[in-house]
Amino acid sequence: MTRVLVTAFEPFGGETVNPSQQAVQRLAADTAPVGVELSTASLPVVFGQAIEAMRAAVAAHDPAVVLCLGEAGGRVAVTPERFAVNLNDAPFPDNAGCRPVDEPVVVDGPVAYASTLPIAEMVEAMRAAGIPAAKSSTAGNYVCNNVFYGLMHLIATERPELIGGFVHVPYMHEQVLHRPDAQPSLSIEQITEAVLIAVKISAAAAGERRHIIAAG
Ligand code: PCA
């Protein structure tokens, strides 16, 4: 069995749902893929606290793979991320009202870390399943990047046997139906299927000890 930890985020930015959280709830309610022992965690959209919650989940579940998810409203596709950067630069306050500007995630940490999940393979498999997907070179500088960097720093400094990375998902339909502006969205079923594909591919990579060195 390959232990896979999937994390999602709580709603933020005035939204009442977060599609990453909805997808993970659906995943947890379903039977896990063959050979996968799935655990999940929901993280607060708060700089620093999100990293602490992710680290606590890793300590509790001792996974071989950590897949972190978040919402990227406005994107047209599911986007596995290549890089986490050492920068907190919030365009608006987090759920605790904090708005760090031009601050490092980890003082004296490397400028960036690359995902160690097979993101090119994920994108290909998602597209083959009819789900819009694309590689992304930036997870932004908000709380998603914060937790992604915190995860890759944990792996680099304390848990080299672990593989991990981050996938952003677009809005789900229900979030955009009543907006005055037109925003792209996917169905929650498609988002959940994309996450399931990411879980299966990551678990297979961990099983083969196939660590991805250069992202994508
Ligand atoms: N998306 C935000 C933070 C939480 C989430 O789901 C981001 O992209 O940083």
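The values are calculated or read from the model by the stated rules, or taken from the named source; none is laboratory data. Bear in mind the structure is a predicted one, so any value in this text is a computation, not a measurement. All Cβ positions, even for glycine, are placed from backbone atoms using ideal geometry, and neighbour counts span all protein chains on display.
Numbers for the structure displayed
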{"item": "Qualifying position, being of a type in the set (Gly, Ala, Ser) and part of a loop (DSSP other than H, G, I, E, B), among Ala125, Ala120, Ala156, Ala139", "result": "Ala139"}
{"item": "Hey, Tyr113 of a type in the set (Phe, Trp, Tyr), within 21 Å of Gln49 (Cβ to Cβ) and in contact with a helix residue (DSSP H, G or I) (Cβ under 9 Å, 6 or more places away or on another chain) or not", "result": "yes"}
{"item": "Criterion (touching a residue at least 24 places away in the same chain (Cβ under 8 Å), away from the ligand (no atom under 11 Å from the Cβ) and under 24 Å from Gln25 (Cβ atoms)) met by exactly one of Ala77, Ala72, Ala120, Ala156", "result": "Ala77"}
{"item": "Some residue of the range 82-97 being within 30 Å of Met1 (Cβ to Cβ) and either buried (at least 23 other Cβ atoms within 10 Å of the Cβ) or at pLDDT below 95 (or both)", "result": "yes"}
{"item": "Verdict on Glu15 being within 16 Å of the ligand (Cβ to nearest atom) and acidic (Asp, Glu)", "result": "yes"}
{"item": "Count of the range 156-167 residues which are surrounded by fewer than 24 Cβ atoms within 10 Å (Cβ to Cβ) and in contact with a Ser or Thr (Cβ under 7 Å, 6 or more places away or on another chain)", "result": "0"}
{"item": "Filtered residue count, the range 28-56, keeping only those that are within 16 Å of the ligand (Cβ to nearest atom) and either outside any loop (DSSP other than H, G, I, E, B) or within 26 Å of Ile201 (Cα to Cα) (or both)", "result": "10"}
{"item": "Subset of the range 151-188 [more than 12 Å from the chain's Cα centre (by Cα) and either among the small types (Gly, Ala, Ser) or on the phi > 0 side of the Ramachandran plot (or both)]", "result": "Ala156, Ala182, Ser185, Ser187"}
